[in-house]
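The values are calculated or read from the model by the stated rules, or taken from the named source; none is laboratory data. Quick caveat, the model's predicted, so the values are computed rather than measured. Here the Cβ positions follow ideal geometry from the backbone for every residue, glycine too, while neighbour counts run over all protein chains shown.
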Amino acid sequence: MVRIHKPRSGSLAFYPRKRAKQEKPVFKTFPAISTVKPLNFYAYKVGMTHILIRNEAEKTVAFGQDIFMPCTILEVPPITVYGIRAYENTPYGLKTVGDFYAENFKKELFRRQPYLKKMKKRKDIAELDKLIAEQKASELRLLCHTNPGLTGIGKKTPELVEIALGGEKIEDKLNYAKEKLGKDINIVEVFKEKQFIDVKAVNKGKGFSGVVERFGVKIQRRKAKYRRVVGSIGPWHPPLVMWTVPRPGQHGYQTRTIHNLIVVKIGENPEEINAEGGFTNYGIVRNPFMLVSGSVPGPQKRLIALREPIRPANEKRLKLGEISFVYCKDRKLKR
C-alpha cells in the first residue's frame with residue numbers, strides 16, 4: 001500500500017506568530033557600499049496596480065515584447081534630518097556616544113519630541129569632530145523624521161527613524177551628515193530606477209483566527225465531530241503539545257521582509273499615476289511616488305521601510321525597458 005504523504009500546513013519560519021511590537025519597521029543590518037549616500041528610506045503604501053513594460057532580456061521568449069507586471073505604488077515624501085547620532089563599536093554591539101541636533105526644527109517634530117522645544121543647551125558639532133579624532137565614534141547615522149502631513153492620509157505625527165550612511169571613511173560620512181543637517185532628503189538621492197531594493201513592513205492584522213485560516217489545515221470529513229481542527233495535537237504519553245502543532249491565535253500584524261523587488265519607476269509628478277477621485281482607502285498622491293514590482297506587506301497608508309539590497313539577485317531581472325501604460329483604479333489607462 002502506498003504511504004500517503006502530505007506536507008505540513010503552514011510555515012515554521014515565522015515563529016513566534018505574535019503581534020508586532022511597533023508598526024514602524026526598522027532595518028538593523030545594511031550592505032557595505034563605498035559611495036557616501038543614505039542606505040534606507042521610508043514610504044507610505046498607496047495600493048497596487050499593473051503595468052505593461054518592455055522586456056529587454058535577451059534569450060528569453062518575450063524579448064522585445066511588452067510584458068504584464070503587477071506593481072505596488074508607494075508615496076515617498078521627503079524626510080527631514082534633525083540630528084546626527086554617533087555610535088561606538090563595542091563587543092556588545094553599537095553603543096550610542098552622543099546626539100547632535102540641528103539649530104532649527106520643523107514644528108511637526110514637536111508632536112513626537114516636545115522636549116526638543118524646551119532644550120536650551122545643545123551639544124556643539126565640534127564635539128563630534130573630537131570624538132572621531134579620538135576614535136571614540138566608529139559609526140554615524142542620521143536622525144530623521146517623516147513628513148506625513150505632506151500626504152493626504154490624515155496623519156500629522158511624524159515617525160522618528162534612523163538613516164544609515166554608506167562610505168568607507170567616517171570622515172566622508174561626517175561631511176555628508178553636516179551638509180544634510182536640518183535639510184530634507186529626497187528619494188532620488190537614495191535609489192534609482194531599475195535597481196533592487198529590500199522592503200520591510202508590518203502586514204495586515206486579521207485578529208484571532210483558527211487553524212484552518214491561520215495555517216491552511218485541511219477540513220475534516222463531514223461526519224467528524226469537529227471539522228475545523230487538526231486531527232491530533234499530540235500523544236497521550238508523553239502528554240506534550242509540540243510547538244510545531246498548528247494552534248489558533250494571532251493572525252497577521254507581523255513584521256515581514258521581502259528581498260530584491262525592482263524599482264520600476266520613480267516619478268516626480270503625481271499626476272502621472274493619480275486615479276480620478278483618488279485611490280481606494282488612500283486618496284490622492286501628492287508627493288513623488290515609486291512603482292515597485294510585486295506586492296508589499298501591509299494595508300494602505302502603512303509605513304514601509306526601504307533599503308539597499310543586502311543580497312542582490314541576478315541582474316538579468318533588471319533588463320526592463322520603457323513602460324507602455326499604467327492601469328489606474330478608475331479603469332482608465334494612462335499612456
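Data table
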read-out	value
All positions within the range 130-188 that are within 20 Å of Lys95 (Cβ to Cβ) and either in a helix (DSSP H, G or I) or among the acidic types (Asp, Glu) (or both)	Lys130, Leu131, Ile132, Ala133, Glu134, Glu139, Glu162, Ile170, Lys173, Leu174, Ala177
Residue selected from the range 313-324 under the condition touching a strand residue (DSSP E or B) at 6+ places or on another chain (Cβ under 8 Å) and outside any strand (DSSP E or B), by the criterion surrounded by the most Cβ atoms within 10 Å (Cβ to Cβ)	Leu318
Evaluation of His145 against (1) of a type outside the set (A, V, I, L, M); (2) in contact with a Phe, Trp or Tyr (Cβ under 7 Å, 6 or more places away or on another chain); (3) loosely packed, with under 14 Cβ neighbours inside 10 Å (one fails), failing number	(3)
Residue check, Ile310 under 19 Å from the mean Cα position of the chain (by Cα) and either at pLDDT 95 or above or not in a loop (DSSP other than H, G, I, E, B) (or both)	yes
Residue in the range 31-51 that is under 14 Å from the mean Cα position of the chain (by Cα), within 24 Å of Ile197 (Cα to Cα), assigned to a loop (DSSP other than H, G, I, E, B) and not hydroxyl-bearing (Ser, Thr, Tyr) present	yes
Residues of the range 193-241 that turn out to be part of a loop (DSSP other than H, G, I, E, B), out of contact with any Ser or Thr (no Cβ under 7 Å at 6 or more places or on another chain), closer than 29 Å to Gln22 by Cα and in contact (Cβ under 8 Å) with a residue 40 or more places away in the chain, as a count	3
Hey, Asn281 part of a strand (DSSP E or B) and either at pLDDT 90 or above or surrounded by 15 or more Cβ atoms within 10 Å (Cβ to Cβ) (or both) or not	no
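Listed here are the residues, each with its yes/no results for (1) in the same structural domain as Lys130 (by TED's automatic domain parsing); (2) surrounded by 15 or more Cβ atoms within 10 Å (Cβ to Cβ).
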residue	(1), (2)
Ile163	yes, yes
Asp172	yes, yes
Glu213	no, no
Val217	no, yes
Lys223	no, no
Thr244	no, no
Ile266	no, yes
